[in-house]
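S.K.: Okay, here's the structure, questions in a sec.
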Amino acid sequence: MSIPGLLIEYLVNGAIALLVLYHTEVGPKLLETGTKLPVLALALYVAGMAIDIVAFAITRQAKHWIRRKVFPKYRPGQGEDTASGTERQARIGLFAPELYKEMAMRSSRDRISRGLIVNALLAAFLVKPTWIGVVATISAVVMWLSFERLSYV
């Protein structure tokens, strides 16, 4: 993934977290302090990185489960997919550069959607009424599962 892509992904996830916080007592106070744009952008970026790490930890096992379920359907007779994801990406980048670009875009979408799971969980704990956060979390999980499956296919 390119640096600009990660920058945008982290900023998006951080901005969503700020939006969630805005609906609590903390958010408006944070924005009232007159935070300068560069400081706010840095804070959003760091928050986005933290959200991505937590989201990765939460979704890692589900991601492997999806891949184990999908692989035999599209590669019958080849057993399990034991190849390294990095090795697979390198081969695709070398032999199919357009496909590699498509995979990078889908990976970006997947990363943002998994970050949305963490942000929705934050909303479930911090925003009232709680049912909004619960619905958002369920929606985010379904969205991520769908995107992850489509990306791997």
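S.K.: Could you tell me which residue of region 106-125 is nearest to Lys63 (Cα to Cα), considering only residues that are in contact with an Asp or Glu (Cβ under 7 Å, 6 or more places away or on another chain) and in contact (Cβ under 8 Å) with a residue 60 or more places away in the chain?
M.R.: Residues of region 106-125 in contact with an Asp or Glu (Cβ under 7 Å, 6 or more places away or on another chain): 108, 110-112, 115.
This time we only want the ones that are in contact (Cβ under 8 Å) with a residue 60 or more places away in the chain, so: 108, 111-112, 115.
On the way: Ser108: 15, Arg111: 12, Ile112: 15, Gly115: 14 Å.
That would be Arg111.
S.K.: Also, I was wondering about something else. Any chance region 126-144 includes a residue that's closer than 12 Å to Ile58 by Cβ, of a type in the set (A, V, I, L, M, F, W, C), part of a helix (DSSP H, G or I) and touching a residue at least 60 places away in the same chain (Cβ under 8 Å)?
M.R.: Quick first cut of region 126-144, residues closer than 12 Å to Ile58 by Cβ only: 137, 140-141, 144.
Checking which are of a type in the set (A, V, I, L, M, F, W, C) leaves us with 140-141, 144.
Filter again for part of a helix (DSSP H, G or I), leaving 140-141, 144.
Now drop any that are not touching a residue at least 60 places away in the same chain (Cβ under 8 Å), which leaves 144.
Checked region 126-144: at least one residue is closer than 12 Å to Ile58 by Cβ, of a type in the set (A, V, I, L, M, F, W, C), part of a helix (DSSP H, G or I) and touching a residue at least 60 places away in the same chain (Cβ under 8 Å).
S.K.: Is it true that some residue in region 66-75 is closer than 26 Å to Met143 by Cβ, modelled with pLDDT of 75 or more and open to solvent by less than 90 Å² (accessible area, probe 1.4 Å)? Before the answer, list the steps.
M.R.: If we filter region 66-75 for residues that are closer than 26 Å to Met143 by Cβ, which is where we start, we get 66-75.
This time we only want the ones that are modelled with pLDDT of 75 or more, so: 66-69.
Filter again for open to solvent by less than 90 Å² (accessible area, probe 1.4 Å), leaving 66-67.
Yes, region 66-75 has at least one match.
S.K.: Could you check region 124-141 and list, in sequence order, the residues that are closer than 15 Å to Val54 by Cα and either in contact with a Ser or Thr (Cβ under 7 Å, 6 or more places away or on another chain) or buried (at least 21 other Cβ atoms within 10 Å of the Cβ) (or both)?
M.R.: Looking only at region 124-141, we keep the residues that are closer than 15 Å to Val54 by Cα, and these are 137, 140-141.
Residue satisfying the conditions is Ala140 alone.
Residue by residue, here is whether (1) modelled with pLDDT of 75 or more; (2) open to solvent by less than 80 Å² (accessible area, probe 1.4 Å) holds:
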site	(1), (2)
Val26	no, no
Lys29	no, no
Lys36	no, no
Leu40	yes, yes
Ile51	yes, yes
Ile58	yes, no
Ala62	yes, yes
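The values are calculated or read from the model by the stated rules, or taken from the named source; none is laboratory data. Bear in mind the structure is a predicted one, so any value in this text is a computation, not a measurement. Using ideal geometry, Cβ is built from the backbone for each residue, glycine included, and neighbour counts are taken over all protein chains shown. For the accessible areas, the whole protein counts, side chains as well, though only heavy atoms, and no ligand, DNA or RNA atoms are used. Shrake-Rupley method; radii C 1.70, N 1.55, O 1.52, S 1.80 Å.
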